[in-house]
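Asker: The structure that follows is given in the form of C-alpha cells.
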Amino acid sequence: MSGRRSRGSVSEEEINELISKLQSLLPTARRRGGSSSSSSQASTAKMLKETCSYIKTLNREVEDLSDRLTDLMATMDQNSPAAEIIRSLLR
Amino acid sequence: MRGPTAKAFKQGFLRSFLLSLKSCRTGDMSLQERKRAVRSSADAAMATARGGGAIWPRALLASSSSSPSSSSWPGLLLNAAKVKTTRCKSTARRCCRPKRSSSEMIARRLVRKRTKILRGMVPGGELLDSVSLLREAMDYVVHLRAQVAVLRRVSNAMHHMAATSYLTGLDLSRLAQGLLHRVCN
C-alpha cells in the first residue's frame, strides 16, 4: 500500500480513515492514542493480518452452521409434525 | 451496517436462502454434497441480498456458479465497475525515498505481503487496487457477520422445533411462525 500516489484520487488521510474504520470492525480492536507515522506501517500490517484472520474465522463459522443446518434438515426428513411444519414453511 | 439496512439485508438473505434450499433436490445427494449445497445456497443468498453496491457479491456468485460465462466475468467486471488495476510493486519502488529505515522497509514488505493475502480472501479482490480492497473487505466482513447471525438463528430455531416435536400440530405451526418472525427481526 504505497503512501504516495502520483495519479491517485485518494489522500493518505482517507486511507488512514479506512484503515481505522476497518480496525474498529475487528474483534481485537485496540485503541491507540494517535498512531505515529513511524509505526503506521506496522499497525497497518497488524490490521491486515487480523482482518484476514477474522474473515477466515467468519467463513469457518458459516461452514459449521451450514453443516449443522444440513444435519437438522436431515432429521427433519423423518415423518414428524415438526418436519411437516418446516416443509410447509419452505414450500 | 445501520439498523434498517442490516434488517433488510438479513430478511433478503433469509428469503433467498430458504428459497434456494427449497429448490435443492437433496434426496439423492451424499452428506458431503448436501453440506456443500447448503453452504453454496448461503453464499449465493448473501451475494444476492447484498446486490450491486460492491464487487464481492458478483465475484462470489461467479465463483460458485459452474456456467461457462463465469470464466469471463473479470472482463464484465472491469467494464461495469471501472476498477483500477494496480502495479503496486513498480509504483512503490519509484516512490521510495532514498533513505528509509530498515524496520520501515520490513513493515512495508509485510504490508504488501498481507495485502496480497487479503486479496485472496475477499471475492474479487485480485482485481482491486489497495484502497478499493480495504473498502470491499469492510463491506464483506460486515455482511459475513450478518450471514453468521441469521444462520445461527435459523439453526437454533430449527433445533428448537425439532426438540419440541412432542407438541400438537397446531401449537407447532404457531411456534414455527413465531420463530420465523423472530429470525427475520
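Asker: With the requirement that a residue be closer than 16 Å to residue B:61 by Cα and buried (at least 20 other Cβ atoms within 10 Å of the Cβ), what does segment B:114-126 give you? Let's see the steps before the verdict.
Answerer: Just the residues of segment B:114-126 that are closer than 16 Å to residue B:61 by Cα, to begin with: B:120-126.
Across segment B:114-126, the qualifying residues are B:122, B:123, B:124, B:125.
Asker: Moving on to the next point. Tell me which residues, restricted to segment B:19-65, are under 13 Å from residue A:73 (Cβ atoms), assigned to a loop (DSSP other than H, G, I, E, B) and among the small types (Gly, Ala, Ser).
Answerer: Residue satisfying the conditions is B:27 alone.
Asker: Among the residues of segment A:47-58, what is the count of those that are of a type outside the set (Val, Ile, Thr), more than 7 Å from chain B (Cβ to nearest Cβ) and either touching a residue at least 12 places away in the same chain (Cβ under 8 Å) or farther than 12 Å from residue B:118 by Cα (or both)?
Answerer: Number satisfying all stated conditions: 2.
Asker: Consider residue B:47 carefully, then state whether it is open to solvent by less than 30 Å² (accessible area, probe 1.4 Å), more than 9 Å from every other protein chain (Cβ to nearest Cβ), under 16 Å from the mean Cα position of the chain (by Cα) and not β-branched (Val, Ile, Thr).
Answerer: Working: open to solvent by less than 30 Å² (accessible area, probe 1.4 Å): yes; more than 9 Å from every other protein chain (Cβ to nearest Cβ): yes; under 16 Å from the mean Cα position of the chain (by Cα): yes; not β-branched (Val, Ile, Thr): yes.
Answer is yes for this residue.
Asker: I'm trying to understand the selection: among the residues of segment B:141-151, which are more than 10 Å from residue A:25 (Cβ to Cβ), facing another protein chain (nearest Cβ under 9 Å) and not hydrophobic (A, V, I, L, M, F, W, C)?
Answerer: Answer for segment B:141-151, where residues must be more than 10 Å from residue A:25 (Cβ to Cβ), facing another protein chain (nearest Cβ under 9 Å) and not hydrophobic (A, V, I, L, M, F, W, C): just B:147.
The values are calculated or read from the model by the stated rules, or taken from the named source; none is laboratory data. Bear in mind that the values here come from a model prediction, so they are computed numbers and not experimental data. Positions of Cβ are generated from backbone atoms using ideal geometry, with glycine treated the same way; all protein chains shown enter the neighbour counts. When the accessible area is computed, the model is the full protein with side chains, heavy atoms only, and any ligands, DNA or RNA have been set aside. Shrake-Rupley method; radii C 1.70, N 1.55, O 1.52, S 1.80 Å.
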